[in-house]
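Where a number appears in this text, it was derived from the coordinates with a stated rule and is not lab data. Just so it is clear, the model here is predicted, and its values are computed rather than measured. When we count neighbours, we look across all protein chains shown, and the Cβ atoms used for this are built from the backbone with ideal geometry, even at glycine.
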Amino acid sequence: MLARKLLLKHSYLEIRLSSFLSGQKFKMSTSDIPLDFKALPEHRSLVIEKFGEPKDSVILKLRRPEEVLPKVLGPKQVLIRHLAATINPADINMIQGIYGIRPKLPSVVGNEGVARVEQVGSQVKNLQPGDLALGVLVTENWQSYSVQSDQSLYKINNKLEITTAAQLKVNPCTAYRMIKDFYNLKQGDTIIQNGANSAVGVYAIQLAKLWGFKTINVIRDRPNKDEIVQELKQYGADIVLTEEEIGNVEVVSPIVEQIGKPKLFLNCVGGKNAVNCQRILDHGGYSVTYGAMSRQPFSLAATSLIFKDHKFHGFWVSRWYKDRELDRRHEIESMLNEVGELFVKGTLKPKSSKLISFEDRNIAFEGSNNTKCIFSINN
Ligand code: NDP
């Protein structure tokens with residue numbers, strides 16, 4: 001402790017002296033820790049300077065550590081090394097400038113990722129070097145390292161695979177919340193969802209199965225449809241139908257007869273697909289829209305509102321986190337721990353993923369092809 005105090009004091013004097021010699025004005029308190037820039041490699045980040053198509057707008061920026069980091073680590077700050085970060089539809093829409101929120105430009109991109117704690121400020125209690133951590137509201141994950149406030153970071157299960165940890169905060173937790181927080185489902189009830197082979201979709205299938213609910217899953221038709229059907233059934237899907245089949249009464253009626261009308265509809269597609277799913281929702285059922293992959297509006301039939309008493313909701317996991325970060329952090333921690341544990345035990349299987357370097361980013365921007373793309377940053 002004494003040695004650390006002396007070191008801090010020494011560093012403090014050294015910085016004051018070097019600042020004085022270089023003519024810079026720079027104040028530092030004894031609880032600040034100087035950052036050792038020499039120990040850090042060149043900083044790499046994917047940045048947008050203008051909104052547009054990702055392949056045209058995203059640039060790889062290389063900078064010296066001192067260009068991107070503060071000189072010192074404040075008492076409640078944490079230096080993290082970003083390990084891996086997902087490329088989600090939200091990132092693509094953010095880059096295009098059509099997402100619900102727009103960052104101030106230029107901006108580093110990346111709504112989701114996982115990091116290793118490198119160094120902590122003198123008053124940080126919730127984290128220590130070596131911890132695996134993520135920031136539920138950190139939106140600049142496509143970079144090699146950064147300084148964050150301690151309260152913006154959450155320690156997660158160190159046994160998680162990095163590719164799984166990188167996708168913990170968004171997709172499985174979105175599925176988790178949508179199944180838990182809307183309709184009061186009972187064992188044996190049915191959920192219908194479109195975009196069922198999306199990452200959110202496969203986590204919804206697995207959580208529904210785990211909690212005793214059945215699922216009707218709608219996907220787009222494709223030459224290798226049978227492969228996707230098999231994959232979803234392995235995750236625990238009860239029924240898998242194409243967009244065409246869900247619109248066909250002769251196909252749908254016997255299925256609904258057999259497993260019951262769905263009580264909850266999870267919609268990330270919109271358009272005609274969503275209208276067809278909505279049509280079979282039970283009386284009093286809940287419809288939760290969380291995406292619009294078809295970019296088509298979701299029209300509501302009057303019968304849904306008047307006779308079937310359907311409830312329509314939207315869900316945005318970022319808002320769920322934002323509403324809790326200040327004074328209900330325990331709810332966030334509890335969910336991250338529970339979902340993390342399910343992955344570690346193998347109860348939840350991660351969506352198949354492909355690791356990509358920053359240099360190969362255009363592969364990820366071209367589309368998922370049923371695989372989640374993840375930037376490998378510091379592995
Ligand atoms: P993935 O990248 O894993 O999958 C994308 C899915 O969208 C695939 O099922 C794909 O099907 C489907 N899709 C793409 N284009 C179309 C189209 N034109 N019509 C119908 N389906 C289409 O996605 P994620 O699981 O990461 O995200 C899925 C959706 O959920 C996105 O809209 C995303 O923004 C949203 N989301 C919202 C959250 C929230 O809090 N509101 C949180 C997390 C995700 P195919 O294989 O046929 O191409």
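Points to keep in mind about this one:
- About the Cα centre, charge dipole magnitude for the chain (Lys/Arg +1, Asp/Glu -1 at Cβ), debye: 1140 debye
- Principal semi-axes in Å for the range 192-318 [√(5λ), Cα gyration tensor, largest first]: 21, 16, 15
- Segment MET293..LYS322, full-extension length gain: 8.1 nm, with 0.36 nm per residue of separation and the alpha-carbon distance subtracted.
- Our estimate of slack between SER357 and SER152, defined as 0.36 nm per intervening residue step minus the Cα-Cα distance, is 71.2 nm.
- In plain terms, the C-alpha convex hull of the range 241-379 casts an average shadow of 12.2 nm² when viewed from every direction.
- You can think of it this way: the chain between LYS71 and PHE307 has 78.6 nm of extra reach, that is 0.36 nm per residue less the Cα-Cα gap.
- The residue list GLN77, GLY100, ALA115 was ranked by how far each Cα lies along the charge dipole of the range 22-140 toward its positive end, using unit charges on Cβ atoms, and GLN77 comes out on top.
- Per residue, the convex hull around the alpha carbon atoms of the range 142-239 comes to 145 Å³.
- Sorted by Cβ neighbour density within 10 Å, fewest at the top, the residues PHE213, PHE365, PHE307: PHE307, PHE365, PHE213
- Helical runs assigned H by DSSP (4 residues or longer) give the chain a calculated mean residue ellipticity at 222 nm of -10000 deg cm²/dmol, each run adding -39500 (n - 2.57) before division by the residue total.
- Summing +1 for each Lys or Arg and -1 for each Asp or Glu among the other residues whose beta-carbon sits under 13 angstrom from that of VAL269 gives +2.
- P(r) tail for the chain: Cα pairs beyond 30 Å make up 45% of the total.
- Inter-label distance for TYR99 and ASN369, nm, one decimal - labels placed 7 Å from Cα along Cα-to-Cβ: 2.4 nm
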